[in-house]
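Please read the structure below before turning to the comments.
The values are calculated or read from the model by the stated rules, or taken from the named source; none is laboratory data. Every value quoted in this text rests on a predicted model; they were computed, and no experiment measured them. With ideal geometry, Cβ positions are generated from the backbone for all residues, glycine too; neighbour counts draw on all protein chains shown.
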Amino acid sequence: MTTPILKVTGLTMDFGGIRALNKLDLDVHTGEIVALIGPNGAGKTTFFNCVTGIYVPTAGDVLLTPPGAGKSTSLKGLKPNHVTMKGLARTFQNIRLFPKMTVLENVMIGRHCRTKAFIIGAIFRGPATRKEEQEIMAMSFSLLEKIGLADKANELAENLSYGEQRRLEIARALATEPLLLLLDEPAAGMNPQETQELINLIREISSDGQAILLIEHDMKLVMTLSDRIFVMDYGKKIAEGRPEEIRTNPEVIKAYLGEDVDA
Amino acid sequence: MFSINELKKGALISLWFVFLTFPIMVIKVDPIERIVQWRWTNAVMVGVGTFIVYCIIQFAKYRKALKAEESNETESKDQVSFIHKLLANPKQRNILFMVLAAIILIFPHLFSTYQTNIMITALMYVVLGLGLNIVVGMAGLLDLGFVAFYAVGAYSYALLNHHFGLGFWEVLPIGGGLAAIAGILLGYPVLRLRGDYLAIVTLGFGEIIRLVLENWNEFSKGPSGISNISRPELFGLELTLEQSILYIYYIMVAFMVFTIFVVNRLQDSRLGRAWVALREDEIACQAMGIDKQKTKLTAFSLGAFWAGIVGVIFAAKTTFINPASFTFLESAIILSIVVLGGMGSIVGVIIGALVLILLPEYLRALSEYRMLAFGAILVMMMVFRPQGLIANVRRTYRFKKTS
């Protein structure tokens, strides 16, 4: 078995006296779609925030290993922008686009950490800078074509519909060329048709070999897409396995539906 | 067209205005005769005047609503201002630029030295506005102490000239550089702050600089200021007062053009996009791999750089500076230029600066009501065009479809 791209070991996060995450282990391999599910308040988003550097975990480690190069780096304690540089990109549960920027510019921001023109480059706009700008634009535009927003490239992001904004967030994250894409409830608030479109989009992204870790409540999406599922409750991992195994796992059913009361 | 309710509201507003203006418009104390004059006709005039203005505004709204009903589609296009449409067309743009350049170049030869002087001041505020626009308009960092950097520039020229005899052109980059360093020094401690908190700290910073200059006599000669600062030299030629004003005017024009060029390029660059993204959403911005610290600090230092440059020119223009020129009022005016002109919009800031600096000068005809009229114009602006005179428009890109 190859080394996983992302390997989380014993991740623990305390907020004061509350333990939001309790010794969580998780791993994602190349080309896999892994889902993280659990009832509300189980600590899924906290897990994302710990991995992407928004929170610093109390204990445990997060290791990122680029495929091919066997050298893994620890992401623990890095700032969010450095985590993104290393190759994790995320979307947010409550959409966080840049509303007053155009759709294309939103994606172009994603290219920021992979390009380097600075003050001098911006002012003199030499050949290197111009080439870089061209590449940023071309790549951003092709991403927009992929998610089907190419003809809205010059509209303000705030004028997009809800489903379009969700897709734009995914495109923006993809623009950073991540090793692993983290999606935080991508289908939240979508109608069945939009969800189906999203499933197709995620499948398409995954078919390019992109590893994806997603948090989701929509069981249709989780069951059709995921290769493996991790189930959390009260900050602990309670189950792990393929969709069919999870579906019948008594622990999971208990966490979601509650326990039978026998007299 | 006017319902009874609207008329009632108009009457009430008029009454309220009569009440508000009562102390200044009606009561007149005559200290010599020791009597109070009650000028009731004024009250009536204020009331009737307000009512007429109200009717005009209502009528305008009514017509606008009618138009909107007629054509729902044109509305979104109407939001792009006339000037941006003009700038979008290269042919019209070139003509406009040529006309503007011609006006600017012959301006001092058509008008008196006094007018030229006012124009220099206005141009200085254009550059100051563009500098603050980087910090406030693009990066969204509310800076109320911008005048501090202006003071740093002015004092670096004054002191270096006074002690070491350095000339204008040598100090110009030094002044800008020192101001940029001051920008970074201010930027570091306030990296974590946003919004109101940032405004308070920057306000404090501005006051600190002013108080230091006022009280540290050995360094800055305190409130008495530094005089006899040399004017800019031109290949060692002796210039008369008029000539040197003319010279400063052209220096200022050149710097304004340079600033517009640089700021425009910055806005359209990777860095400019990062600033705007930072303004829009800090957390998302970091999650996209943008270094928050670096981006904020560059915004602070680049903004301060222009203030420093203008400070040097200011010191060279007036040949005398003291801390009284760098009060909070200056910061407030520069901020008003940015907000009034349109946050983040270069054209807006230029027009904002010209309006805000030239208007009070030409309102002198209204003598003591000058500042009243000025305030009224500001209030009206914020009520009717909160997005500023010329709202910013994001750049559009064109592509060929690949598929």
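Restricting attention to region A:189-235 and to residues that are modelled with pLDDT under 90 and of a type in the set (Gly, Ala, Ser), the residue that is surrounded by the most Cβ atoms within 10 Å (Cβ to Cβ) turns out to be A:GLY235.
Conditions tested, residue by residue: (1) surrounded by 12 or more Cβ atoms within 10 Å (Cβ to Cβ); (2) more than 30 Å from B:VAL253 (Cα to Cα); (3) modelled with pLDDT of 85 or more; (4) among the hydroxyl-bearing types (Ser, Thr, Tyr).
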residue	(1), (2), (3), (4)
B:PHE19	yes, yes, yes, no
B:LYS28	yes, yes, no, no
B:PRO31	no, yes, no, no
B:TYR62	yes, yes, no, yes
B:GLU73	no, yes, no, no
B:PRO90	no, no, no, no
B:PHE97	no, no, yes, no
B:ALA101	yes, no, yes, no
B:TYR114	no, no, yes, yes
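Condition test on B:ALA284, is it over 20 Å from the mean Cα position of the chain (by Cα), more than 9 Å from chain A (Cβ to nearest Cβ) and of a type in the set (Gly, Ala, Ser)? I'd like the intermediate steps shown before the answer.
Values: over 20 Å from the mean Cα position of the chain (by Cα): yes; more than 9 Å from chain A (Cβ to nearest Cβ): no; of a type in the set (Gly, Ala, Ser): yes.
Against the criterion (over 20 Å from the mean Cα position of the chain (by Cα), more than 9 Å from chain A (Cβ to nearest Cβ) and of a type in the set (Gly, Ala, Ser)), B:ALA284 does not qualify.
As for region B:316-325, it holds no residue that is among the aromatic types (Phe, Trp, Tyr), crowded, with 24+ Cβ neighbours inside 10 Å and away from chain A (no Cβ under 14 Å). Of all the numbered requirements in (1) more than 26 Å from B:LYS296 (Cα to Cα); (2) in contact (Cβ under 8 Å) with a residue 40 or more places away in the chain; (3) among the small types (Gly, Ala, Ser), A:GLY110 misses one, and that requirement is (1).
Does A:PRO67 qualify as being surrounded by fewer than 18 Cβ atoms within 10 Å (Cβ to Cβ) and either modelled with pLDDT under 90 or more than 10 Å from every other protein chain (Cβ to nearest Cβ) (or both)?
yes
Checking each residue in region A:133-154 for being touching a strand residue (DSSP E or B) at 6+ places or on another chain (Cβ under 8 Å) and in a helix (DSSP H, G or I) picks out no residue at all.
Would you kindly identify the helices (runs of 4 or more DSSP H) lying entirely within region B:182-299 that contain at least 1 residues that are surrounded by 13 or more Cβ atoms within 10 Å (Cβ to Cβ) and not assigned by TED's automatic domain parsing to the domain that holds B:ASN161?
Values: elements: B:195-215, B:217-220, B:241-267, B:270-280, B:282-287.
Helices (runs of 4 or more DSSP H) meeting the threshold: none at all.
Checking each residue in region A:110-165 for being more than 10 Å from every other protein chain (Cβ to nearest Cβ), within 23 Å of the chain's Cα centre (by Cα) and among the acidic types (Asp, Glu) picks out only A:GLU164. Here A:LYS79 clears all of (1) crowded, with 18+ Cβ neighbours inside 10 Å; (2) farther than 30 Å from A:ASP151 by Cα; (3) not hydrophobic (A, V, I, L, M, F, W, C) except the condition numbered (1). Just checking, does region B:296-304 include any residue being within 14 Å of chain A (Cβ to nearest Cβ) and without any contact (Cβ under 8 Å) to a residue 60 or more places away in the chain? There is at least one residue in region B:296-304 that is within 14 Å of chain A (Cβ to nearest Cβ) and without any contact (Cβ under 8 Å) to a residue 60 or more places away in the chain.
Taking region A:1-116 and the strands (runs of 3 or more DSSP E) fully enclosed by it, the elements with 1 or more residues that are of a type in the set (Lys, Arg) are at A:6-15, A:18-28, A:88-90.
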